[in-house]
Amino acid sequence: EFIADEEGFFDTAESKLAWLDYRLIRAMRIILDVKRMQAETTYSDLKDTWDQRMPERLKHRFDRELNRLAKSNHQHLSYVLGHQAILRTKTKLRLELGDRFDERAFHDAILRLNHQYPNVLYETTKIAMESPELRLDLDPVSDR
C-alpha cells in the first residue's frame, strides 16, 4: 500500500481518503476480533466500540464487518500476530547477522516455508512448552 502511494495511486484526495478509510476498517476489525473473544462482550458493546472510533461516513458498515469477522475464524488477529512474529524474527536475525543479513535470502526463506509459518510457530511453541528447561525471559530488551 505504501509503495502504491509512492507510485501515485492515491494522488487524489478521494483515493487517499478511501485508502485511509480501508486502513481504519482493517484496524477496527482487529479490535473487534479481540473483543469478540471476550465471553461477556455483546453486540451492543462491539457496536459502541465501532461507533466511538469510526467517522460518520463508515458507521453503516458495522454489521457487514461484524459478519465478516464471524466467518473469518479470527483471521484478522492471526494476520497481525503472524506479521509481528515475522518482523521480530527479521529484527533478531538482522542483529545477530549484522552485515551478513541478506534481505532477499530472508524473504526467500519465508516464502520457502510455503505458508507453513504458522505450523513452524506452532511446533516451536509446543516444544518450548514441553521443555521445562526453557524459561521465559521477561526482559523486553533481550528480544530486540
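The values are calculated or read from the model by the stated rules, or taken from the named source; none is laboratory data. Keep in mind that this is a model prediction, so the values were computed, not measured. Quick reminder, even Gly has a Cβ in these numbers, built from the backbone with ideal geometry, and neighbours come from all protein chains shown.
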The range 112-144, subset aliphatic (A, V, I, L, M) and surrounded by 10 or more Cβ atoms within 10 Å (Cβ to Cβ), residue modelled with the highest pLDDT: 113
Of residues in the range 14-61 being hydrophobic (A, V, I, L, M, F, W, C) and farther than 23 Å from residue 1 by Cβ, the one nearest to the chain's Cα centre (by Cα): 37
